[in-house]
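Down below is the structure, laid out as structure tokens.
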Amino acid sequence: MKAKKIPTKEPGVFKWEISFHLDGRGSKRLRRRFDKKADAELFIEEFQKQQRLQKLGGASSIDLENTTLRTEAEYWLGRRKPMLSPSSYARVAGCLKAELLPRYGDLQATRFTVAKISEIQNEILRAGKAPRTVNREVGMIKAILNFSASHQRLPYNPALHAKPLSAARVSMKFWEPADARAFLRFASDKYPVGHPRRWVFVAYLLAVNTGMRSGELWGLQPKDFQGNRSLIHVARQFDYYARTLRPCKGKSERYVPCNPAVRQEVELLIAQGKLKPDSLLFTGKTGEPVEDHSFKRHFFRIDLKESKARPIRFHDLRHTAATLMIAGGVDLPTVQAILDHKHISTTMLYVHLLGDSIQKVAGSFAVLPDLSPLNIG
């Protein structure tokens with residue numbers, strides 16, 4: 001058994017593939033791919049250990065009768081907790097305790113075969129959940145079993161080759177420029193200059209013009225706008241679950257564009273609130289950090305309905321920024337850097353989303369309320 005280096009559809013990107021028989025020669029031939037050679041070699045080492053264990057009768061010494069998804073989930077959570085952010089751990093633990101363990105927790109771990117996983121997928125779909133949710137929950141089961149197999153708690157992962165639903169990729173929604181400008185005009189009228197909630201409009205303006213994630217918006221501080229006037233320093237995000245500031249999703253800081261109209265609004269907001277450099281730019285009535293769920297419930301969804309704008313999620317403002325940048329002629333590597341995408345293939349999704357509507361437009365990127373003059377220069 002050897003790891004073989006193979007090319008992928010993405011230029012210059014390779015994977016390491018292992019081909020093997022699960023139950024010896026004559027059984028079905030399986031393949032598995034890894035991003036790193038070291039991971040592939042580790043898999044080979046662990047797999048061969050498990051094979052030797054089975055030959056020596058070690059597998060029969062494992063109490064598979066009482067090895068359930070619940071026991072392995074508890075083991076997995078205990079080992080993974082130090083590696084997860086508080087918000088990620090809360091989401092994972094919540095999904096397990098509320099959704100998966102009540103239904104499947106008492107099933108023997110070895111019963112989660114490809115056929116069983118397919119049955120579970122159909123059950124979750126019939127419950128009215130989206131394909132993306134189905135894949136997330138089933139993916140969690142596979143991760144737990146794979147972790148147990150790699151730690152020799154199971155002879156192998158029975159769900160290893162279960163495939164996600166083909167409809168996993170939920171279509172991303174975005175606004176056309178006219179939609180975005182109309183919504184910003186509505187928000188600017190509803191929260192005019194000097195209004196105590198003008199910050200709501202500024203949040204929308206920043207989201208559409210920069211493509212920042214919501215947590216990054218709520219983590220902004222006045223000092224992030226100092227220095228180069230055409231850039232915003234994105235250095236942190238607000239963690240809703242841990243109630244604290246922490247590094248951004250990609251663990252690295254970056255800069256995003258700041259056109260003059262956006263900077264003017266931010267400077268007015270800073271002056272109006274007499275904010276210090278280390279203060280949060282956006283806060284609630286009593287100065288507490290903005291909670292993402294609360295903002296969407298008390299502001300965005302209400303404003304969306306009142307403006308009669310085409311319904312989208314708040315996160316879709318990030319998709320809107322990306323598509324408008326690309327349609328406006330911004331090159332893909334630059335958009336990738338602005339959005340903090342790890343792979344250019346992720347950024348390419350927006351190209352497919354736009355299709356034939358992509359047009360090269362000279363000048364700078366800016367999306368402003370149509371009440372204000374469009375300042376491109």
**OP:** State whether one or more residues within region 282-296 are surrounded by fewer than 16 Cβ atoms within 10 Å (Cβ to Cβ) and touching a Pro at 6+ places or on another chain (Cβ under 8 Å).
**Re:** yes
Original post:
Between residues in region 140-163 that are in the same structural domain as F112 (by TED's automatic domain parsing) and outside any helix (DSSP H, G or I) and residues that are among the aromatic types (F, W, Y) and surrounded by fewer than 17 Cβ atoms within 10 Å (Cβ to Cβ), which pairs lie under 8 Å by C-beta distance while being six or more apart or on different chains?
Top reply: H151/Y75; R153/Y75
Subject >> Residues within region 256-269 that are without any contact (Cβ under 8 Å) to a residue 60 or more places away in the chain and surrounded by fewer than 18 Cβ atoms within 10 Å (Cβ to Cβ), tallied >> reply: 3
Original post:
Given the conditions (1) outside the structural domain of I141 (by TED's automatic domain parsing); (2) at pLDDT 80 or above, which single one is not true for G57?
Top reply: (2)
Original post:
List, please: which pairs have Cβ atoms under 6 Å, are six or more places apart or on different chains, and start with a residue in region 274-294 that is within 16 Å of L217 (Cα to Cα) and end with one that is at pLDDT below 85?
Top reply: E291/Y240; D292/Y240
Subject >> Selection count where residues are among the aromatic types (F, W, Y) and in contact with an Asp or Glu (Cβ under 9 Å, 6 or more places away or on another chain), scope region 279-325 >> reply: 1
Subject >> Single residue of A167, A187, A159 found to be crowded, with 18+ Cβ neighbours inside 10 Å, more than 30 Å from V200 (Cβ to Cβ) and either small (G, A, S) or at pLDDT 90 or above (or both) >> reply: A159
**OP:** Six or more apart or on different chains, Cβ under 8 Å: which pairs go from a residue in region 53-78 that's polar (S, T, N, Q) to one that's modelled with pLDDT under 90? Could you list them?
**Re:** Q54/P155; T67/T110; T67/R153; T67/L154
Original post:
Which number in (1) surrounded by 14 or more Cβ atoms within 10 Å (Cβ to Cβ); (2) at pLDDT below 95; (3) basic (K, R) marks the one condition that K251 misses?
Top reply: (1)
Original post:
farther than 15 Å from V208 by Cβ, at pLDDT below 95 and out of contact with any Leu (no Cβ under 9 Å at 6 or more places or on another chain) - does that describe any residue in region 322-331?
Top reply: yes
Subject >> Matching residues in region 212-248 - criterion: being out of contact with any Gly (no Cβ under 9 Å at 6 or more places or on another chain) and either in the same structural domain as R91 (by TED's automatic domain parsing) or among the polar types (S, T, N, Q) (or both) >> reply: S214, Q221, Q226, N228, S230, T244
**OP:** Identify the single condition in (1) in a helix (DSSP H, G or I); (2) among the β-branched types (V, I, T); (3) within 20 Å of A182 (Cα to Cα) that I312 does not satisfy, given that it satisfies every other one.
**Re:** (1)
Original post:
Right, K142: crowded, with 16+ Cβ neighbours inside 10 Å, over 30 Å from E74 (Cα atoms) and of a type in the set (D, E, K, R) or not?
Top reply: no
Subject >> Condition met for G94 (assigned to a helix (DSSP H, G or I), over 27 Å from D39 (Cα atoms) and at pLDDT 85 or above) >> reply: yes
**OP:** Working only within region 297-315, note down all residues that are buried (at least 18 other Cβ atoms within 10 Å of the Cβ) and under 22 Å from the mean Cα position of the chain (by Cα).
**Re:** F300, I312, F314
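The values are calculated or read from the model by the stated rules, or taken from the named source; none is laboratory data. Source: prediction; values computed, not measured. Don't worry about glycine lacking a Cβ; one is built from the backbone with ideal geometry, like all the others, and counts go over all protein chains shown.
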